[in-house]
1. So, of the residues in the stretch 72-99 that are assigned to a loop (DSSP other than H, G, I, E, B) and surrounded by 14 or more Cβ atoms within 10 Å (Cβ to Cβ), which turns out to be nearest to the ligand (Cβ to nearest atom)?
2. Given the structure, is ARG200 more than 29 Å from PHE144 (Cα to Cα) and open to solvent by 20 Å² or more (accessible area, probe 1.4 Å)?
3. Within the stretch 126-167, which residues are free of Cβ contacts under 8 Å to residues at least 60 places away in the same chain, over 16 Å from ILE244 (Cβ atoms) and among the β-branched types (Val, Ile, Thr)?
4. Does the stretch 56-71 contain at least one residue that is farther than 20 Å from ASN143 by Cβ, away from the ligand (no atom under 16 Å from the Cβ), part of a helix (DSSP H, G or I) and in contact with a Phe, Trp or Tyr (Cβ under 8 Å, 6 or more places away or on another chain)?
5. If a residue must be out of contact with any Pro (no Cβ under 9 Å at 6 or more places or on another chain), part of a helix (DSSP H, G or I) and either among the β-branched types (Val, Ile, Thr) or within 19 Å of LEU106 (Cβ to Cβ) (or both), how many such residues does the stretch 152-170 contain?
6. From the residues in the stretch 5-16 that are of a type outside the set (S, T, N, Q) and touching a strand residue (DSSP E or B) at 6+ places or on another chain (Cβ under 9 Å), which one is surrounded by the most Cβ atoms within 10 Å (Cβ to Cβ)?
7. Can you pull out the residues in the stretch 184-196 that are near the ligand (Cβ under 9 Å from one of its atoms) and part of a helix (DSSP H, G or I)?
8. For the stretch 17-51, give me each residue that is more than 10 Å from the ligand (Cβ to nearest atom), open to solvent by 40 Å² or more (accessible area, probe 1.4 Å) and more than 16 Å from the chain's Cα centre (by Cα).
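The values are calculated or read from the model by the stated rules, or taken from the named source; none is laboratory data. The structure presented is a predicted model; accordingly, all values stated were derived computationally and were not measured. Here the Cβ is made from the backbone with ideal geometry for all residues, glycine too, and neighbour counts use every protein chain on show. Accessible surface is based on the protein model in full, side chains and every heavy atom, while ligands, DNA and RNA are left aside. Shrake-Rupley method; radii C 1.70, N 1.55, O 1.52, S 1.80 Å.
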Amino acid sequence: MVRNIALNNGKTIPSLAWGNMGGKAKALKAGAIALKAGIHHIDSAQIYGTEAEVNGAIQAAGVKRDDVFVTTKLWKFTEPTIGLEEIKASVQRSLAELTFIPDLLLVHNPYIPEKGKIGEFWKHLETLVEDGTLKGCSLGVSNFRPVDIEEVFKTAKIKPVVNQIEYHPYVLEHLEPLLKVHAKYSIVTQSYATLSPVARHPTGGPIKPILTRLAATLSKESGETVDEAGVLILWAVSKGVVVITSSGDEGRIKKMAATERVRDLSSEEIEEIDQAGRKIHFRVWDEHMTNEFPDPDLPTDI
Ligand SMILES: NC(=O)c1ccc[n+]([C@@H]2O[C@H](COP(=O)([O-])OP(=O)(O)OC[C@H]3O[C@@H](n4cnc5c(N)ncnc54)[C@H](OP(=O)(O)O)[C@@H]3O)[C@@H](O)[C@H]2O)c1
C-alpha cells in the first residue's frame, strides 16, 4: 500500500517523499535506493544542484518517469526576480536539467519574488502553466508565512496546492496560525525537518519516551522494523501531511519505505505526541519563518 493525499486541484500526491538535497552523489545513489524501495516521490530544488540526478536516479532504479511524483523549487538567481522572461528562462533551465516537466513546482521561499511582488510573481507562473511551458504541473509554495499566502490569494487564479515547511511536534505551537490558513485554502502541508526531534534535538525532548514506546508497539503489531523516526513519519502522514524526509543510508531508507506497511497512528496516539511536543519550541530553519512571525515563548527543552 502507498498512501496518497488529495490536492485542491483534483490531483493526488504520495504522502512520503525522499528529498535529494545533499550533493549529486547522494542524489543519484540514495535516490535510486529510495525509488527501488518503493518511495516513488522525489523532492528536488534548483539550489540543491541535483535536478539532473532526479532523472539519473529514475534511470538507475529502472522505474518509469510517470510512476514517480517529482517536485522542484525555484530559487532567486537574478535581481530583480520578477519579469516573465527571466522566470520563464529559470523554469526552462530546470526542465532541461530534469529532462521533463515536474509534477509540482514550488517557490522556494517568500523572498524569491521581490518584496511586495509575490502576487505578480505568481501571475507569471500561472502564465507558464497556461502557455504550456509547465503543462500539467501543479504550483505550490515553501516557507510561506500566513501573510505571504494571503498575498498570493489576493490575485491567484491557480491555487497553490502545498506549502512545504519545517514541521514536527516542536514547532506545532508556532505553526498554529499558519496551519489555520492552510485549512482555510485547502493547502496541503508538506513537511521537512520532520525527523528533527530524533536527529537534531540534543536530548530528544519530551516526545522521546512516547516515540520509543510507540515504535515498540508498532513493530510488534506490524512485523516491520519501526524506529522513533518511523513513528514521526507516521505521526505526520496520519495527520494528512506529506512528509519529505531523507537519508543516505540504505537500511534507514528501507525503514522509511516500510512505514507504508504500518497502520496510521490513532487520534489518541497523535494527541499524546502533539501535547508533549507543544511544551517546547525547537526550530532548525529560522531564516524565513520567524521573520515578522515571532517564535512562541517556550523553552527549547524541559
Ligand atoms: N523547502 C525547504 O526550504 C527545505 C529545507 C530543508 C529540506 N528540504 C527538503 O526536505 C528533505 C529532507 O530534509 P531534512 O534533512 O529536513 O529531513 P529529515 O527527515 O528531518 O532528516 C533527515 C536526517 O535524518 C537522519 N535520519 C534518517 N533516518 C533516520 C533514523 N531512522 N533515525 C535517526 N536519524 C535518521 C538522516 O541521516 P542519515 O542520512 O545519516 O541517515 C538525515 O540527516 C531535503 O532533502 C529537501 O528535499 C526542504
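1. TRP75
2. Details: more than 29 Å from PHE144 (Cα to Cα): no; open to solvent by 20 Å² or more (accessible area, probe 1.4 Å): yes.
Judged against the criteria, ARG200 is not a match.
3. The answer is THR127, VAL129, THR133, ILE149, VAL152, THR155.
4. Looking through the stretch 56-71, at least one residue is farther than 20 Å from ASN143 by Cβ, away from the ligand (no atom under 16 Å from the Cβ), part of a helix (DSSP H, G or I) and in contact with a Phe, Trp or Tyr (Cβ under 8 Å, 6 or more places away or on another chain).
5. 1
6. Initial filter on the stretch 5-16 (of a type outside the set (S, T, N, Q)): 5-7, 10-11, 13-14, 16.
Checking the rest, the ones that are also touching a strand residue (DSSP E or B) at 6+ places or on another chain (Cβ under 9 Å) come to 5-7, 11, 13-14, 16.
Working: ILE5: 16, ALA6: 13, LEU7: 20, LYS11: 14, ILE13: 23, PRO14: 20, LEU16: 25.
Taking the candidates together, the pick is LEU16.
7. Filtering the stretch 184-196 down to residues near the ligand (Cβ under 9 Å from one of its atoms) leaves 190-196.
Matches in the stretch 184-196: SER196 only.
8. Passing the criteria: LYS24, ALA25, LEU28, LYS29, LYS36.
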